[in-house]
């Protein structure tokens, strides 16, 4: 019996990507089913580009991208749409429809499902909004909501599609510390309750420590570290130590 060629849910195998400069150079990491991996590093190091490769919005110049146990590197749009039923993304902006209420935004995603039953749509929407602790905002519009609330709505909308995996792009950026903490708790709770596979792009070290089973540290287009948060804290790499020390100073300020 042959071994599974793609045992990891997501895997980057020697990924290279260049725009006007190299953004990813020989990048390797993997995410196991049910695991949360955080991708961290300074702004502009390729964190969001990594998510775009997982979603198939970008193709690597070289290397192979595995998603949902399939090599998606050469997939066309129709095949990628099939994969995106399993893997969804919560954008930094929330990417909500401004003309729809919170409940209608969630319902929109629900109606894309093959198994959607219109008879219980109100129950499902209410359940999802309760799951992310924003049931009281169901009739509000995105313009009425804080950035943190928009992110929670975006998470509810992502969950409506019943994905196996959610990608979070900077979920706590531009929110106050209290809301950031609540969003972190929510992502952790969803992982436990729904056994979701997750990738979290962040420069928020507290969030990474709270959520990540393993961490990818990107610096100057390369993954200079891949391992547990504890192993990262014990790393002697000068860039990682500097990053951790600066974060400690921010916490003390």
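None of the figures in this text is laboratory data; all of them are computed from the coordinates on show. On a predicted model such as this, the values are computed, not experimentally measured, just so you know. Counting neighbours? That spans all protein chains shown, and the Cβs are built from the backbone with ideal geometry, glycine included.
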Notebook entry, point to check: Say a paramagnetic label sat at a point 7 Å from the Cα of residue 146, along Cα to Cβ; which residues of the range 120-137 have their backbone N under 12 Å from it?
Noted result: none
Margin query: Output the 0 to 90 degree angle, nearest 10, between the alpha-carbon long axis of helix 147-160 and the longest principal axis computed from the alpha carbons of the chain.
Written below: 80 degrees
Item checked: Cut-off 15 Å (backbone N to label point 7 Å along Cα→Cβ of residue 192), residues of the range 149-186 -> 182-186
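Fewest first, what order do 25, 67 take by the number of other Cβ atoms within 10 Å?
Values: 25 17, 67 26.
Least to most surrounded, the residues fall as 25, 67.
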Margin query: Need one number: nm distance between label points at residue 206 and residue 104, each 7 Å from Cα along Cα→Cβ, rounded to one decimal.
Written below: 3.6 nm
Check: At what distance in nm do the modelled label points of residue 77 and residue 123 sit from each other, each positioned 7 Å from its Cα along Cα→Cβ?
Finding: 3.7 nm
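So what's the back-of-envelope 222 nm ellipticity for the chain, counting only DSSP H runs of four-plus at -39500 (n - 2.57) apiece and dividing by all residues, rounded to 500? Each step should come with its number before you reach the end.
Values: 9 runs with 96 residues, N = 253.
The helix contribution divided over the chain gives -11500 deg cm²/dmol.
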Margin query: Report the gain in length on full extension from residue 234 to residue 136: 0.36 nm times residue separation, minus Cα-Cα distance, nm rounded to one decimal.
Written below: 30.9 nm
Note to self: I want to verify a result. In a Gaussian network model of the chain, Cα cutoff 10 Å, which of these has the top mean-square fluctuation: 140, 103, 221?
What the structure shows: 140
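Pairs of alpha-carbon atoms within less than 8 angstrom and 6+ residues apart define the contacts here; what relative contact order does the chain have, in percent? List each step's numbers first, then the result.
Values: 439 pairs, mean separation 63.5, N = 253.
For the chain, the relative contact order is 25 percent.
Give me the percent of DSSP beta bridges within the chain that run antiparallel, rounded to the nearest 5. All intermediate terms of the calculation are to be shown ahead of the outcome.
Working: 18 of 35 bridges.
Taking every DSSP beta bridge with both residues in the chain, the antiparallel ones total about 50 percent.
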Check: Expressed as an acute angle from 0 to 90° and rounded to the nearest 10, what is the orientation of the C-alpha long axis of helix 177-194 relative to the principal long axis of the chain?
Finding: 80 degrees
Margin query: If I build a Gaussian network model for the chain, linking alpha-carbon pairs within less than 10 angstrom, which residue out of 36, 18, 147 has the largest mean-square fluctuation?
Written below: 18
Notebook entry, point to check: Does anyone have the angle between helix 121-131 and the longest principal axis of the chain? Alpha-carbon axes, 0 to 90°, nearest 10?
Noted result: 50 degrees
